[in-house]
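S.K.: Here it is, the structure in full.
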Amino acid sequence: MLLDLIEKPNDIKNIPPEKLPDLAKEIRAFLVEHLSKTGGHVASNLGAVELTMALHRILDFPEDKLIWDVGHQSYTHKILTGRKEEFSSLRQLHGLSGFPNPAESDCDAFISGHSSTSVSLGLGYCRARELQGQSYRVVSVIGDGAMTGGLAYEAINNAASLKSNFTIILNDNHMSISENVGGLSAHLAHIRTSRYYTGLKNDVEVSLKKLPMGDQLVSGIRKTKSGIKQLFIPGMVFEEMGIMYLGPVDGHDTQALERVMKQALSINGPVLVHVVTEKGKGYRPAQRHPSRFHGTGPFDLAKGLPLSESPATYTDIFSTVMRKLGDRNPKVVAVTAAMADGTGLKRFHNMFPERFFDVGIAEGHAVTFSAALAAGGMIPVFAVYSTFLQRAYDEIMHDVCITGQHVVFAVDRAGLVGRDGVTHQGIFDLSYLSSIPNLTVMAPKNKWELSDMLKFAVEASGPVAIRYPRGEAVTLWKESRQKIELGKSEVLSCEAGSKTLLFAIGSMVKTAMEAADELKKDGIVCDVVNARFMAPLDEDCIRQAAAKYDTIVTLEDNVLSGGFGEHVCARLEDEHYTGELITVGIPNEFVPHGAVEELMKELGMDASSVADKVRRVKKA
């Protein structure tokens, strides 16, 4: 097999050009086979095989810098840089990351996971190279989805003014190439990328300016040329920003890709190469349903179906409740930042298309847009992953909370998300959200509480954030369903003589109940309280706890720094509490990828670990 010849970076350069289509097939077969067992990002990686091969045929690793936007499409890059033998550990604890990571390989120029960062990173490398008199090449690969993010355009605008030699690859996997437009574009790209044409154009303009009224003549020609280009050249928007545009190019033709990449790298100044690819190419189920194969767990290779049926998730519960809320109240609107499927808003969109807004990968804009929707009399619900809401911290504070706009933040993927790893863990939201005045912050213990909290939030009068985890929704304790009251916790377990309190928030309530059951077998009786609110905290509950218990344990799936435990401890100090305090949560560090259960155990946050912490204190 050709793939056996790829053992280290740059080995692909030894593969004969006529054999590259066969190598692409082998890589796709390798990816599908391994991803069917480990799960991962299937469709995007199958679509980027030839593009990655072409880049590796031209660039030298690790000297040159190849930067992947988001990075979920970098699996072929990992294979071609000597990591194929590790693919059975992809996204597993202590295994291969699903995203680029310099700690894993010096061929990964920069870590990625969030969107629209690659152009800024590439430009930074370019300037560092120039300031130090170095000569390595810099290429950033960004998808058409990521190009909806404002950060990408900020960087493109800066790139045009700095004039660094820099190649941006636009991996467009949504648009197809029309034959007529494709032929014209290929012809124009061939002419415009030749050094002769570039030099001739500049020489003509210099000569014309020497003539009487030459400046006006050049300006007129430019305007006429610009008008014609705007009719025929799809990349005119980049040309107007000062970025040379090449393409579109068939992203599955390795030889065509190599030609245009060589041309782009030979041009002085910033260049954007528009490459058109097909998501899921080579695996029919992924081609038919690319969104289903964006990020998936293990699946049946022959059928393309999940190996096991997924139980109802918190996202599913949110989706159902949102449709009901939208049906009952015409003022309820839904906002997403290019995550309609992931956040569960697709069905709301289908039912109420005029009240659904997908603003693209633009979390900051989504928050400010929602603030004005609220000011205008609507009730916006912005559904967003915890890790991505970090990008809009200023807008939450400045545009929503200062004036108390009634915006509901449905913060999905809060806490440990597992295999997506360090860039996607939602472990900071309790800290950064609770630091903002006027913002109510809640976390449900189960599916029923999420439903009740959403209804509470929509009926509230100011900004509210509800954070809930990825995965299966807890269905326990339906019979103990209690009304949501602002800033009030819920007692789940209270036994006579108990001197230990497990005070938990969100998903950690289940862990607290399990730990209490385990400790009861040892004769250690614990009461369990569900905090419900991070902000405002239940001051009465904390005051009573300080007087009653000699041991108080706080549990959260957030970093301890600035989190639930620290806030509770501060209130207990105000009460001059002298008992034992145990804070269970995530240390102030970044958490890598792995199954949530494995990470919980490693971090000492599972029920057994919590019980052990209590035992040690009680025996001391």
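S.K.: Checking the condition surrounded by 24 or more Cβ atoms within 10 Å (Cβ to Cβ), assigned by TED's automatic domain parsing to the domain that holds G326 and among the polar types (S, T, N, Q), which residue from S451, S370, S434 passes? Can you show your working first?
M.R.: On the way: S451 fails: surrounded by 24 or more Cβ atoms within 10 Å (Cβ to Cβ); S434 fails: surrounded by 24 or more Cβ atoms within 10 Å (Cβ to Cβ).
Criteria check complete, one pass: S370.
S.K.: So F503 fits all but one of (1) more than 33 Å from the chain's Cα centre (by Cα); (2) not in a helix (DSSP H, G or I); what number is the exception?
M.R.: Every condition holds for F503 apart from (1).
S.K.: A further question follows. Determine whether region 388-410 contains at least one residue that is among the small types (G, A, S), in a helix (DSSP H, G or I) and touching a residue at least 24 places away in the same chain (Cβ under 8 Å).
M.R.: To start, the set of residues in region 388-410 that are among the small types (G, A, S) comprises 392, 404, 410.
After this cut, where a residue has to be in a helix (DSSP H, G or I) as well, the list is 392.
Now restrict to residues that are touching a residue at least 24 places away in the same chain (Cβ under 8 Å): 392.
Looking for residues that are among the small types (G, A, S), in a helix (DSSP H, G or I) and touching a residue at least 24 places away in the same chain (Cβ under 8 Å), one finds at least one in region 388-410, hence yes.
S.K.: Also, I was wondering about something else. Can you find even one residue in region 457-468 that is assigned by TED's automatic domain parsing to the domain that holds K324, surrounded by 15 or more Cβ atoms within 10 Å (Cβ to Cβ), modelled with pLDDT under 95 and part of a loop (DSSP other than H, G, I, E, B)?
M.R.: Scanning region 457-468 turns up no residue that is assigned by TED's automatic domain parsing to the domain that holds K324, surrounded by 15 or more Cβ atoms within 10 Å (Cβ to Cβ), modelled with pLDDT under 95 and part of a loop (DSSP other than H, G, I, E, B).
S.K.: Would you confirm whether or not region 5-15 contains a residue that is within 22 Å of D420 (Cβ to Cβ), at pLDDT 95 or above and among the aliphatic types (A, V, I, L, M)? Write out each step before concluding.
M.R.: Step one: of region 5-15, the residues within 22 Å of D420 (Cβ to Cβ) are none.
No, because not a single residue in region 5-15 is within 22 Å of D420 (Cβ to Cβ), at pLDDT 95 or above and among the aliphatic types (A, V, I, L, M).
S.K.: Here's a follow-up. Can you confirm whether region 108-129 contains a residue that is touching a residue at least 60 places away in the same chain (Cβ under 8 Å), over 19 Å from the mean Cα position of the chain (by Cα), over 23 Å from F30 (Cα atoms) and assigned to a loop (DSSP other than H, G, I, E, B)?
M.R.: No - not one qualifying residue is present in region 108-129.
So that you can scan it fast, the table gives a plain yes or no per residue for (1) surrounded by fewer than 19 Cβ atoms within 10 Å (Cβ to Cβ); (2) of a type in the set (K, R); (3) not assigned by TED's automatic domain parsing to the domain that holds N101:
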position	(1), (2), (3)
A334	no, no, yes
T343	no, no, yes
R347	yes, yes, yes
G377	yes, no, yes
T387	no, no, yes
D412	no, no, yes
Q425	no, no, yes
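S.K.: Can you pull out the residues in region 329-358 that are under 25 Å from F293 (Cα atoms) and in contact (Cβ under 8 Å) with a residue 40 or more places away in the chain? Before you say what the answer is, go through the steps one by one.
M.R.: Our first condition is that a residue be under 25 Å from F293 (Cα atoms); within region 329-358, this holds for 334-351, 353, 356-358.
Once the filter is applied, which keeps residues that are under 25 Å from F293 (Cα atoms) and in contact (Cβ under 8 Å) with a residue 40 or more places away in the chain, region 329-358 yields A334, V335, T336, A337, A338, M339, D341, G342, T343, G344.
S.K.: Please go through (1) aromatic (F, W, Y); (2) surrounded by fewer than 24 Cβ atoms within 10 Å (Cβ to Cβ); (3) touching a residue at least 40 places away in the same chain (Cβ under 8 Å) for Y577 and return the number of the only condition it doesn't satisfy.
M.R.: Y577 satisfies every listed condition except (3).
S.K.: Can you confirm whether region 237-258 contains a residue that is surrounded by fewer than 18 Cβ atoms within 10 Å (Cβ to Cβ) and under 27 Å from F348 (Cβ atoms)?
M.R.: No: zero hits.
S.K.: Which residues, taken from region 543-580, are over 27 Å from the mean Cα position of the chain (by Cα), closer than 20 Å to T511 by Cβ and of a type in the set (A, V, I, L, M)?
M.R.: Correct list: A545, I552, V553, V568.
S.K.: While we're looking at this one, here's another question. Might you check whether a residue that is outside any loop (DSSP other than H, G, I, E, B), among the acidic types (D, E) and either out of contact with any Cys (no Cβ under 9 Å at 6 or more places or on another chain) or at positive phi (or both) occurs anywhere in region 413-420? Break it down stepwise before answering.
M.R.: As a first pass, look at region 413-420 and keep what is outside any loop (DSSP other than H, G, I, E, B): 415.
Now restrict to residues that are among the acidic types (D, E): none.
No - not one qualifying residue is present in region 413-420.
S.K.: Which residues, taken from region 261-281, are of a type outside the set (K, R) and within 26 Å of G295 (Cα to Cα)? Walk me through it before giving the result.
M.R.: As a first pass, look at region 261-281 and keep what is of a type outside the set (K, R): 261, 263-278, 280.
Passing the criteria: H274, V275, V276, T277, E278, G280.
S.K.: For region 526-566, give me the residue count where each residue is touching a Ser or Thr at 6+ places or on another chain (Cβ under 8 Å), among the charged types (D, E, K, R) and either farther than 25 Å from H424 by Cβ or outside any strand (DSSP E or B) (or both).
M.R.: 5
S.K.: Is there a residue being part of a strand (DSSP E or B) and on the phi < 0 side of the Ramachandran plot anywhere in region 251-269?
M.R.: First, pick out the residues of region 251-269 that are part of a strand (DSSP E or B): none.
There is no residue in region 251-269 that is part of a strand (DSSP E or B) and on the phi < 0 side of the Ramachandran plot.
S.K.: Select from region 301-342 the residues that are of a type in the set (G, A, S) and over 23 Å from Q390 (Cβ atoms) and list them in ascending order. I'd like the intermediate steps shown before the answer.
M.R.: Here is the first cut: in region 301-342, the residues of a type in the set (G, A, S) are 302, 304, 308, 310, 312, 319, 326, 334, 337-338, 340, 342.
Across region 301-342, the qualifying residues are A302, G304, S308, S310, A312, S319, G326.
S.K.: Being closer than 13 Å to L492 by Cα and under 35 Å from the mean Cα position of the chain (by Cα) is the filter; apply it to region 512-523 and report the residue that is surrounded by the most Cβ atoms within 10 Å (Cβ to Cβ). Quick ask: steps written out before the conclusion?
M.R.: The initial filter retains those residues of region 512-523 that are closer than 13 Å to L492 by Cα, namely 512-514, 516-517.
Retained after the next criterion (residues that are under 35 Å from the mean Cα position of the chain (by Cα)): 512-514.
Details: A512: 28, M513: 22, E514: 16.
Only one residue fits best here, namely A512.
Listed here are the residues, each with its yes/no results for (1) within 22 Å of P21 (Cβ to Cβ); (2) modelled with pLDDT under 95.
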| residue | (1), (2) |
| --- | --- |
| G251 | yes, no |
| L265 | no, no |
| V275 | yes, no |
| K281 | yes, no |
| P298 | no, yes |
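S.K.: Okay, moving on. Please indicate, with yes or no, whether at least one residue in region 430-437 is closer than 30 Å to T38 by Cα and touching a residue at least 40 places away in the same chain (Cβ under 8 Å). Before the answer, list the steps.
M.R.: Let us first name the residues in region 430-437 that are closer than 30 Å to T38 by Cα, namely none.
No: zero hits.
S.K.: Only one residue in I361, I317 is in contact with a helix residue (DSSP H, G or I) (Cβ under 8 Å, 6 or more places away or on another chain), surrounded by 21 or more Cβ atoms within 10 Å (Cβ to Cβ) and assigned to a loop (DSSP other than H, G, I, E, B). Which one? Explain how you work it out, then say what you get.
M.R.: Numbers: I317 fails: assigned to a loop (DSSP other than H, G, I, E, B).
Step by step, each of I361, I317 is checked, and only I361 is in contact with a helix residue (DSSP H, G or I) (Cβ under 8 Å, 6 or more places away or on another chain), surrounded by 21 or more Cβ atoms within 10 Å (Cβ to Cβ) and assigned to a loop (DSSP other than H, G, I, E, B).
S.K.: Can you find even one residue in region 322-332 that is in a helix (DSSP H, G or I) and farther than 18 Å from M453 by Cβ?
M.R.: The first filter runs over region 322-332 and keeps only residues in a helix (DSSP H, G or I), leaving 322-328.
Now narrow it down to the ones that are farther than 18 Å from M453 by Cβ: 327.
Yes, some residue in region 322-332 is in a helix (DSSP H, G or I) and farther than 18 Å from M453 by Cβ.
The values are calculated or read from the model by the stated rules, or taken from the named source; none is laboratory data. These figures come from a predicted structure and were not determined experimentally. Every residue, glycine among them, receives a Cβ derived from its backbone with ideal geometry; neighbour counts consider all protein chains shown.
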